[in-house]
Amino acid sequence: MRKEEAAEVLLIEGREVRVTHPGKPYFSRQTQLSKLDLVRYYLSVAAGALAGIQDRPVVLKRFVEGAEGEAFYQKRAPARRPQWLRTVTLSFPSGRTAEEVVVDDAAGLAWIVNLGCIELHPHPVRTSDLDHPNELRVDLDPGPGVRWADVRRVALEVKSLLEEMGLRGWPKTSGSRGIHVNARIQSRWTFGEVRRAALALSREVERRAPTIATSKWWKEERHGVFLDYNQNAKDRTTCSAYSVRPLPDARVSAPLRWDEVPGCDPADFTVLTVPKRLAEMGAPHADVDAHAGSLEKLLEVAAEDEAAGLGDAPWPPHFRKMEGEAPRVAPSRAAKKPRTKMPLLVIANSPSREAALAGLERWKKKHSEVARFFAVDDVLIDSMRGRSSTWTRIRVNLRHVPEALRPAQETPDPDDDPTREWRKLPS
């Protein structure tokens, strides 16, 4: 039997933090990083990372087998935790409550990273007021094949609109394929009102840049860059500044100055480059808390949309049906509109994005005559999130394929949806 590796004990600002299995590989496919390397990265950028999570409840997204393993979400704070680590009790739309971790200092940051938290997922509220967010979050999510240049162009449209609305946007790379723009707001509005403002912003950006931006929730209706207004719904979190993402190059969600956005490349910001950048230029978002603005103008835009007949847009699937919300069904499945039904096939379901993409490639090879008709937005890659697990679903839209050539639905390959069992249970 292999002897268990001794823990590494770090003394951080007078507090001891044990790093268990410090040599365990957390990144191994391109960049080589151990768990201890990851802890040391976060300590090196603690001044910036803490600005995004300090005094906020944090959802623990744990990669206990490293970046190449399956992640799971843990809302509740572990029973075994240091006495000096704060918690706060949140309530959720389901009516349930959870005691969640609050990180106040570098020791707390190191402690949650030791649990396998490669990414940091804070709620947009302070512990002093859990019902009123102090941050509006604009998540720019590009569809498959969308150019990075278009993501940057949409980000600049967001900047311009926010300024017209009396708000200041703070951009950062998502650490993957998108850009996040956060705006600090006064803690005066409920989650529902903040989401309503975010929806109005998304729709207005779509009107200003209709060829590259979309506010459409259903992927089969999207094109270009999706402005995910639902990231502002209660209980939703996004990765915060300086978060490491589980990509082979250990890419980081990096805060930017606006003058950097037109020429930035997300691949430039990794665990190996960001600490030096922070040390040399300081934190680009250091004074974000000095710029809390009002949502009043955005809510006026929302009221104008509603008066013009634009109702509420779909909520995430695990939320209860909301008043004024249209039927929560994809257009392709809407029985009353058969002409809009899209010919969609489910190709793969897997907790591993790479396994799902490999399944797509096998399908395209098998159906090469069909695949040649696809436009870039005919492949729909969904990052699905259940109660405590994530998985990737891949579908293809056959709308550009002649009907005589369209294949029938086959058993997805792979077909591993981790939520299938509990979704079969009675509600």
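Before moving on, here are some points about what is shown:
- Gained length - Glu260 relative to Glu300, 0.36 nm times residue gap less alpha-carbon distance: 11.3 nm
- Region 152-229 - percent relative contact order, Cα under 8 Å, separation 6 or more: 24 percent
- For region 11-136, the pair-distance distribution built from all alpha carbon pairs, in bins 5 Å wide starting at 0, is 2, 11, 21, 23, 21, 13, 7, 3, 0 percent.
- Protection proxy ranking of 195-201, 167-173, by the mean of other Cβ atoms within 10 Å over each peptide's residues and highest first, is 195-201, 167-173.
- For the chain, relative contact order (Cα pairs under 8 Å, six or more residues apart, normalised by length) works out to 14 percent.
- Computed magnitude of the charge dipole of the chain (debye, nearest 20; Cβ of K, R +1, Cβ of D, E -1): 1140 debye
- Solvent-accessible area, 1.4 Å probe, carbon plus sulfur percent, for region 18-96: 46 percent
- Arg353 - accessible surface, heavy atoms, 1.4 Å probe, Å² rounded to 10: 110 Å²
- Each Cα pair under 8 Å and six or more residues apart adds its sequence gap; the mean of these over the residue count of region 366-415 is a relative contact order of 33 percent.
- Of all the options Arg245, Arg372, Arg257, the one that moves most in a Gaussian network model of the chain with Cα springs shorter than 10 angstrom is Arg372.
- Packing-based ranking, highest mean first, of 215-226, 75-86 given that Cβ atoms within 10 Å are counted: 215-226, 75-86
- Solvent-accessible surface of protein heavy atoms, probed at 1.4 angstrom with all chains present, puts Val346, Val181 in the order Val346, Val181, largest first.
- Nonlocal amide H pairs with Asp312, under 5 Å, H built at 1.01 Å: Ala326
- Helix-only mean residue ellipticity at 222 nm for the chain, each DSSP H run of n ≥ 4 adding -39500 (n - 2.57), per residue, nearest 500: -7000 deg cm²/dmol
- Set against the 2.2 N^0.38 Å expectation for a compact globular protein, the chain has a Cα radius of gyration ratio of 1.00.
- Couplings for region 55-68, taken from phi via the Karplus curve 6.51 cos²θ - 1.76 cosθ + 1.60 with θ = phi - 60°, read 6, 10, x, 10, 7, 8, 9, 9, 10, 5, 9, x, 5, 8 Hz in order; Gly and Pro are left as x.
- Accessible-area value, His291, 1.4 Å probe, nucleic acids and ligands omitted, Å²: 60 Å²
- Accessible-area order (highest first, 1.4 angstrom probe) of the listed residues Glu119, Glu300, Glu260: Glu300, Glu260, Glu119
- The charge dipole of region 13-71, taken about its Cα centre with unit charges on the Cβ atoms of Lys, Arg (+1), Asp and Glu (-1) only, comes to about 40 debye.
- Part-to-part distance (alpha-carbon centres) for region 128-148 and region 159-193, which is given in Å: 7 Å
- Solvent exposure, largest accessible area first (probe 1.4 Å, DNA, RNA and ligands not counted), of Thr20, Thr411: Thr411, Thr20
- Counting only protein heavy atoms and a 1.4 Å probe, the chain has 47 square angstrom of accessible area per residue.
- Members of Lys219/Lys276; Lys24/Lys216; Lys35/Lys75; Lys75/Lys366; Lys341/Lys366 lying beyond 30 Å, as alpha-carbon distances in this model show: Lys219/Lys276; Lys24/Lys216; Lys75/Lys366
- Here region 1-66 and region 205-269 have alpha carbon centers that stand 26 Å from each other.
- Considering only Val261, Val225, Leu272, and ranking their Cα positions along the charge dipole of region 199-282 that arises from unit charges at the beta-carbon of Lys, Arg, Asp and Glu, the one farthest toward the positive end is Val225.
- Protection proxy ranking of 91-102, 301-312 - average other beta-carbon atoms within 10 Å, highest first: 91-102, 301-312
- Label point distance in nm, Thr97-His400, each placed 7 Å from Cα along Cα→Cβ: 5.3 nm
The values are calculated or read from the model by the stated rules, or taken from the named source; none is laboratory data. All values reported here derive from a predicted model rather than from experimental measurement. For neighbour counting, all protein chains shown are included, and Cβ atoms are generated from backbone atoms with ideal geometry for every residue, glycine included. Side chains included, ligands, DNA and RNA excluded: accessible areas come from the protein's heavy atoms. Shrake-Rupley method; radii C 1.70, N 1.55, O 1.52, S 1.80 Å.
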